[in-house]
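Here's the structure we're looking at; comments come further down.
Rule-based calculations on the coordinates, nothing more; no lab input. All figures in this text were calculated on a predicted structure; none of them were measured in a lab. Heads up, the Cβs are rebuilt from the backbone with ideal geometry, glycines too, and the neighbour counts pull from every protein chain shown.
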Amino acid sequence: MTYTIFRKIHLYASLIIAVFLLMYFITGYVMIHDQTFTHRESGPEVIETTQSIHYDGAAGDAAFADHLQRTLGFGGKLTGQRKTADGWRFTWFRPGVDIEADVTAAGDSVTLRETRHDFRGLMNGYHRMHQYNGPLLYDLWTLLYDLASLSLIVFAVTGVYLWWRHSRRKIWGVLCLSASWGLAVGTIVYLMLTR
Amino acid sequence: MRKWLMNLHLYGGLLCSSYLVLYGLTSLQFNHAWLLPEKTTSTIEWSAPVPMPSTFNKQAVADHVKAQLDLPGWVHPWSIQRDREQNFTLEVSRPGKHYAIHYDPRAAVAVVTEQRRNVAAIMRNLHGLYHGVPGLPWLRPWGWFTELTNWIVLLAVGTGIVLFAYRSRERRTNFIVMGVCGVLSLGFILYIGLVG
């Protein structure tokens, strides 16, 4: 009975989260093999446009940021808003793209700078996007990120249990487990004890 | 064939089980810091003689001080400062330790404030650590372990799909669950990347 439950947890957790989990391991692979992937020599592509806008409310508030996104038609997660010498600056982020909007103090003109990163920047963006601070779409992403993280622990725990129940000759499994946990614990102890 | 795939899935999973737990815990910690709170467990201050360098270029002085003190880790370029009296401050860190260094070249002395970090901080530093740490040769196997875990996870997903496909009783349901969740996940990933 317990074996069946553990097996179903192991199976369905993987079926549900597999694609999202793969995304994390693939983007992580690109990050650790940074030099293998081509760099864009010219750096990120920057597109700058200036246009006039109309807004009835206060130009510095969060609703204004929403208004900018809706009227100028771009997506992304709001990551900052601050007052500058000439007005306000809003920043947004989505994987591979940073958007910066400088709004005049009168709130009637906006300069939009869209910085598009290369493939590595896109992978980096996907991998590092977390924190529950809205909007809803990005909080959903963070929730899936948490589920993917939790699933890794679930796979390890249920996997060890399933192996223990399933396998008659345990020597190879014990060796694999010992190597794995020996290396992890040994590395942590090494870092704690070395100068 | 099935037995081979099962063994690959099973023993590969066992071999990287510790890394999966570490990945899982540290990834959760990025969103929920209270799960694995990072702390400084001790701070000590010590000093050591460091001869005057041949150049006063900031990065070269920092590298010289680190080498003379025989400290493992990375010098943080943004931390290197030089005051009017030509004294230098810099920071060096490695998983589990942080060193704040004040160097007086004329007195040829470096004063080091050494902070030891707890296990949670070490675990977080080990998340995805692949290139090793300068001066810590025994950390190289961890880089291989990172690489191995990446490949094993990719293999485990592939072999897992083939293995459940062998079970005719559950095959249809499983493919439907995986298909629906896969399409939704992929759609969501693409939507976030392309539209936001």
With the Cα gyration tensor of the range A:135-195 giving a ≥ b ≥ c as the square roots of its eigenvalues, does the rule (a/c under 1.5 for rounded; else a/b larger than b/c for prolate; else oblate) give rounded, prolate or oblate? oblate
Chain A, dipole about Cα centre (Lys/Arg Cβ +1, Asp/Glu Cβ -1), debye to the nearest 20: 1600
Just need log10 I(q)/I(0) for the range B:93-164 at q = 0.16, 0.21 Å⁻¹, Debye formula, equal scatterers on the alpha-carbon atoms, no solvent, rounded to two decimals. -0.74, -0.94
Averaged over residues of B:164-172, the number of beta carbons from other chains lying within 10 Å of each residue's Cβ is 1
Can you give the relative contact order of chain A as a percent, counting alpha carbon pairs under 8 Å and 6+ residues apart? 24
The helix A:171-193 Cα axis meets the longest alpha-carbon principal axis of chain A at an angle in degrees, between 0 and 90 and rounded to 10, of 50
Just checking the output field for B:121-129: average partner chain Cβ neighbours within 10 Å of each residue's Cβ? 3
Sort A:35-47, B:42-54 by packing, meaning the average of other beta carbons within 10 Å per residue, with the highest value first. B:42-54, A:35-47
Determine the dipole magnitude for the range A:10-74: charges of +1 sit on the beta-carbon of Lys and Arg, -1 on that of Asp and Glu, nothing else is charged, the reference point is the Cα centre, and the result goes in debye to the nearest 20. 260
Can you return the lysines within cross-link range of A:Lys8? Criterion is Cα-Cα under 30 Å, with same-chain partners fewer than 8 residues away left out. A:Lys170, B:Lys3
On full extension of the chain, what length is gained from A:Ala179 through A:His33, given 0.36 nm per residue of separation minus the C-alpha to C-alpha distance? 50.1 nm
Sorted by average packing, counted as other Cβ atoms within 10 angstrom per residue and highest first, what order do A:100-110, B:119-129 take? B:119-129, A:100-110
Listed peptides B:132-140, B:77-85 by packing density, highest first (mean Cβ within 10 Å): B:132-140, B:77-85
10 Å Cβ neighbours from other chains, averaged over peptide A:114-122: 0
Kindly express, to the nearest 10 degrees and within the range 0 to 90, the angle between helix A:136-166's C-alpha long axis and the longest C-alpha principal axis of chain A. 10
